[in-house]
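Reviewing the structure listed below.
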There are 2 protein chains.
Amino acid sequence: MQVLLTLNPPPFLKEDMHATFPQIYFHYEKLSAAENILPHAEIIVTYGEDLTVEHLEKAKRLKWIMVASAGLEKMPLAQIAERNILVTNARGIHKIPMAEFTIGLLLQHMKQFPVIWQQERENIWNKRVPMGELYGKTIMVVGAGAIGSEIAKLSKAFSMTTIGVNASGNSVAYFDQMLRADEIAEGLKRTDFVVSVLPSTEKTQHFFQKEHFIAMKESAVFINIGRGDVVQESVLIDALKKEEIAHAYLDVFQTEPLPADHPFWSMNNLTVTPHISSKSKQYLPRVFDIWKHNLHTYIRNGNDYLNVIDLKRGY
Amino acid sequence: MQVLLTLNPPPFLKEDMHATFPQIYFHYEKLSAAENILPHAEIIVTYGEDLTVEHLEKAKRLKWIMVASAGLEKMPLAQIAERNILVTNARGIHKIPMAEFTIGLLLQHMKQFPVIWQQERENIWNKRVPMGELYGKTIMVVGAGAIGSEIAKLSKAFSMTTIGVNASGNSVAYFDQMLRADEIAEGLKRTDFVVSVLPSTEKTQHFFQKEHFIAMKESAVFINIGRGDVVQESVLIDALKKEEIAHAYLDVFQTEPLPADHPFWSMNNLTVTPHISSKSKQYLPRVFDIWKHNLHTYIRNGNDYLNVIDLKRGY
């Protein structure tokens, strides 16, 4: 059996895979250079951004596509469905790094680490830094799914009150209270930290409105690790200039990379991070855990695949 | 009844206390200016650093000293014991801020926040920052008491393995494994984060030796939030220069404030914080929670005091 990986994993992952599946021949090649391999490949492992209809036509023996990310937007799903090709992905692997990143931001905000590091650079011993706590605070996660639940799990360990917001208002693990999207104004008044994990859809575009920021506490912190278009830049800039909230931490933007002359960079109560909340040295190892599990299943013709995509729904 | 507070709490705490205990007359005065109050005070609330034998002699009616900190080293304990004066303190209120501070340092280390903030200052969008996780790491807390257990509690929420070290090796909540002090060398090899919460005693002085740092992983992080004399400065500097460990975060030092020309300030793999791990806006509110509980007990002549000091043992 031949498998084509369009990514080049580090040696320790390759060696582990080769030792675990000695009967399989693994090719590591970009699709653009895989002309001769495609007709023989039963399985393709890809980040999902490179696979075209033309590749698919050449891959006559293809039975399974393992997508090494959560996104499928760029895949020719209709043609894949026609051929009844199995598609699995790597959803669920972002929740740990994103939750740790979020709590890390909250702690460095409450403990004033940027102020302390500035003092340190100047050899200044100054204890008069007003330090707060996460203990007893209230966090609202808007877009409460697997990632939001992981954020809530860590928040509960810090004795925070957790409010989750999703379309249905149905309960999600580790949230003390759930609100539907149309109910959040009341919850915002009680909230210290507002975290958006919302994806970009028609319903979420410009979800956060002027009145939401007015409803928030003046000490509130807004964190966006979902998608940039959930709030209009002008609305957020206005709220921060009027000090309706204390600080915004943005990891996602309407235009990425954020242009070097964008006003966000120079605002004191806004911090820019370059879309890295899910970055982790554990990313590929976790992809490979899912991939190896599914490859065992494939070999023994089992049916316990992880993360199978329903090609009609597209997720 | 008259009570002397040698500290000046913020208005909201005073107002709460006056409303809760309308029958009591509260004086707020430094001991040096309390000549006329001392003879009438039944109770003194103090940080414990200002009370002398002379004050004690003037305070003829004194029955109870509430120390608004954990330290009693500067108190005339023998004379207090002679007069059978009750002493209570505020131990236990440091664990939440110190545990949050510790996890905050670990997260900002693994997420490379100082690198990201430097990029941000220069309007640089650079995603190539190697970010790690707390998930799956091993943390060792040396001096595993109430504070250490709180650190371990948070660490478990991040799915870390927790190793506690204390004199007896007896189990402490939230630690997966306990080691006695003489057993730590083996544990250090498996440890990613070594946190010292050790107090300063004869037994803990220079506790961390050259060979301990050699035993640690090259990627290990050493955090000291206990007392500065648990490691000789020259030993630590040597270990960091030889890159036997990756980084040290020090909040406590043999000499405080750390002199402006001290070599620690300029080392890239050592970060200085100015003895602030226990700092918190919640400090006095927590002191007053204990104080109010005990004052209710005192008034009704009860016996459920919190944090009574055994004056023979001194803690």
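Which condition breaks for A:Phe253 when tested against (1) open to solvent by less than 70 Å² (accessible area, probe 1.4 Å); (2) outside any loop (DSSP other than H, G, I, E, B)?
So A:Phe253 meets the others, but not (2).
Based on this model, can you work out whether A:Gly48 counts as in a loop (DSSP other than H, G, I, E, B) and within 14 Å of chain B (Cβ to nearest Cβ)?
Details: in a loop (DSSP other than H, G, I, E, B): yes; within 14 Å of chain B (Cβ to nearest Cβ): no.
So A:Gly48 does not fit the description; no.
Against the conditions (1) away from chain A (no Cβ under 14 Å); (2) over 26 Å from B:Val221 (Cα atoms); (3) assigned to a loop (DSSP other than H, G, I, E, B), where does B:Ile124 fall short? Just the number, please.
That leaves (1) as the condition not met.
Could you tell me how many of the residues in region A:256-268 are hydrophobic (A, V, I, L, M, F, W, C) and either more than 7 Å from chain B (Cβ to nearest Cβ) or in contact (Cβ under 8 Å) with a residue 12 or more places away in the chain (or both)? Before you say what the answer is, go through the steps one by one.
First, pick out the residues of region A:256-268 that are hydrophobic (A, V, I, L, M, F, W, C): A:258, A:260, A:264-265, A:267.
Filter once more, so that each one left must be either more than 7 Å from chain B (Cβ to nearest Cβ) or in contact (Cβ under 8 Å) with a residue 12 or more places away in the chain (or both): A:258, A:264, A:267.
The qualifying residues number 3.
If only one of B:Lys95, B:Lys111 is open to solvent by 20 Å² or more (accessible area, probe 1.4 Å), at pLDDT 95 or above and of a type outside the set (A, V, I, L, M), which one is it? First the steps, then the outcome.
Working: B:Lys111 fails: open to solvent by 20 Å² or more (accessible area, probe 1.4 Å).
Unique residue meeting the criteria: B:Lys95.
Pairs needed: first member in region B:99-114, touching a residue at least 24 places away in the same chain (Cβ under 8 Å); second member anywhere, crowded, with 24+ Cβ neighbours inside 10 Å and polar (S, T, N, Q); C-beta distance under 6 Å; at least 6 residues apart or different chains.
B:Phe101/B:Ser277
Given A:Leu51, A:Leu56, A:Leu31, A:Leu4, which one is within 23 Å of A:Arg300 (Cα to Cα), aliphatic (A, V, I, L, M) and surrounded by 15 or more Cβ atoms within 10 Å (Cβ to Cβ)? Lay out the reasoning, then the answer.
On the way: A:Leu51 fails: within 23 Å of A:Arg300 (Cα to Cα); A:Leu56 fails: within 23 Å of A:Arg300 (Cα to Cα); A:Leu31 fails: within 23 Å of A:Arg300 (Cα to Cα).
The unique qualifying residue is A:Leu4.
Looking only at region B:160-179, decide whether some residue is without any contact (Cβ under 8 Å) to a residue 40 or more places away in the chain, among the acidic types (Asp, Glu), in a loop (DSSP other than H, G, I, E, B) and at the interface with chain A (Cβ under 9 Å from one of its Cβ atoms).
Initially, region B:160-179 is screened for residues without any contact (Cβ under 8 Å) to a residue 40 or more places away in the chain, giving B:160-179.
Those still in the list that are among the acidic types (Asp, Glu) too: B:176.
Imposing the further condition that a residue be in a loop (DSSP other than H, G, I, E, B) reduces the set to B:176.
Cutting the leftovers down to at the interface with chain A (Cβ under 9 Å from one of its Cβ atoms) gives us none.
No; the residues of region B:160-179 include none that is without any contact (Cβ under 8 Å) to a residue 40 or more places away in the chain, among the acidic types (Asp, Glu), in a loop (DSSP other than H, G, I, E, B) and at the interface with chain A (Cβ under 9 Å from one of its Cβ atoms).
Inspect all residues belonging to region B:123-140 and state whether any of them is small (Gly, Ala, Ser), outside the structural domain of B:Val287 (by TED's automatic domain parsing), open to solvent by 30 Å² or more (accessible area, probe 1.4 Å) and over 28 Å from A:Leu105 (Cβ atoms). Break it down stepwise before answering.
Residues of region B:123-140 small (Gly, Ala, Ser): B:132, B:136.
Subsequent filtering for residues that are outside the structural domain of B:Val287 (by TED's automatic domain parsing) retains B:132, B:136.
Now drop any that are not open to solvent by 30 Å² or more (accessible area, probe 1.4 Å), which leaves B:136.
Imposing the further condition that a residue be over 28 Å from A:Leu105 (Cβ atoms) reduces the set to none.
For region B:123-140, residues small (Gly, Ala, Ser), outside the structural domain of B:Val287 (by TED's automatic domain parsing), open to solvent by 30 Å² or more (accessible area, probe 1.4 Å) and over 28 Å from A:Leu105 (Cβ atoms): absent.
Right, A:Ile214: within 23 Å of A:Ile237 (Cβ to Cβ), β-branched (Val, Ile, Thr) and open to solvent by 10 Å² or more (accessible area, probe 1.4 Å) or not?
So A:Ile214 fits the description; yes.
Give me the residue from region A:269-283 that is more than 7 Å from chain B (Cβ to nearest Cβ) and not in a loop (DSSP other than H, G, I, E, B) and, out of that set, modelled with the highest pLDDT. Break it down into steps so the answer makes sense when it comes.
Looking only at region A:269-283, we keep the residues that are more than 7 Å from chain B (Cβ to nearest Cβ), and these are A:269-270, A:277-278, A:283.
Okay, now just the ones that are also not in a loop (DSSP other than H, G, I, E, B), so A:270, A:283.
Numbers: A:Leu270: 98, A:Tyr283: 93.
Selected residue: A:Leu270.
Checking the structure you have, find out if any residue of region A:257-268 is assigned by TED's automatic domain parsing to the domain that holds A:Gln205, more than 27 Å from A:Val45 (Cα to Cα), charged (D, E, K, R) and open to solvent by less than 70 Å² (accessible area, probe 1.4 Å).
no
Take A:Glu100 and tell me if it is more than 9 Å from every other protein chain (Cβ to nearest Cβ) and in a helix (DSSP H, G or I).
Numbers: more than 9 Å from every other protein chain (Cβ to nearest Cβ): no; in a helix (DSSP H, G or I): yes.
No.
The values are calculated or read from the model by the stated rules, or taken from the named source; none is laboratory data. The shown structure was predicted, so the numbers you read here are calculated from the model rather than taken from an experiment. Please note: Cβ atoms are built from the backbone with ideal geometry, for glycine as well, and neighbour counts cover all protein chains shown. Side chains included, ligands, DNA and RNA excluded: accessible areas come from the protein's heavy atoms. Shrake-Rupley method; radii C 1.70, N 1.55, O 1.52, S 1.80 Å.
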